[in-house]
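Participant: First, the structure itself, so that you have it in front of you.
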Amino acid sequence: MSLARLAELHGVATSYSPAPDVDVQVPDDTVVAVLAALGVDASTAAALDDALKHAESAAESRLLPPTVVLWGARDGGEPEFPPALTALPAGTGL
């Protein structure tokens, strides 16, 4: 269960549906390998617990869920960021 939660926190799927009404579970060793490729050690029970605690803590401290936002530049100039973002304190994690 904790491996699935850790995978979820890092955006790693633990199952997929190759066809309607067909669900395939990804083997745990594959999930561990994908997490390792992302720099997350889940190779032992202790490492998994540590990584899960770290990921849960990071998730709780975020103001917003991970989001990709793109601002365009006006008239080919520099991008203008919304005042709400430029007013955030330095080091604010989004």
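Participant: Would you tally the residues in the range 1-49 being among the β-branched types (Val, Ile, Thr) and either in contact with a strand residue (DSSP E or B) (Cβ under 8 Å, 6 or more places away or on another chain) or over 25 Å from residue 60 (Cα atoms) (or both)?
Facilitator: 5
Participant: Oh, and also: Any chance you could count how many residues in the range 6-35 are within 27 Å of residue 92 (Cα to Cα) and not β-branched (Val, Ile, Thr)?
Facilitator: Going through the range 6-35 one residue at a time, the tally reaches 7.
Participant: Report, by residue number, each residue of the range 54-86 that is modelled with pLDDT of 75 or more, surrounded by 10 or more Cβ atoms within 10 Å (Cβ to Cβ) and either among the hydrophobic types (A, V, I, L, M, F, W, C) or not in a loop (DSSP other than H, G, I, E, B) (or both).
Facilitator: 54, 55, 56, 58, 59
Participant: Restricting attention to the range 37-50, report how many residues are assigned to a helix (DSSP H, G or I) and surrounded by fewer than 13 Cβ atoms within 10 Å (Cβ to Cβ).
Facilitator: Result for the range 37-50: 3.
Participant: Now, a different point. With (1) part of a loop (DSSP other than H, G, I, E, B); (2) at pLDDT 75 or above as the list, and residue 93 as the residue in question, which single condition is left unmet?
Facilitator: All conditions are met except number (2).
Participant: Within the range 10-25, take every residue that is surrounded by 10 or more Cβ atoms within 10 Å (Cβ to Cβ) and under 16 Å from the mean Cα position of the chain (by Cα) and give me the one that is nearest to residue 52 (Cα to Cα).
Facilitator: Filtering first and then ranking leaves 10.
The values are calculated or read from the model by the stated rules, or taken from the named source; none is laboratory data. Values in this document were obtained by computation on a predicted structure and should not be read as measured data. Glycine also receives a Cβ, built like all others from the backbone with ideal geometry; neighbour counts cover every protein chain displayed.
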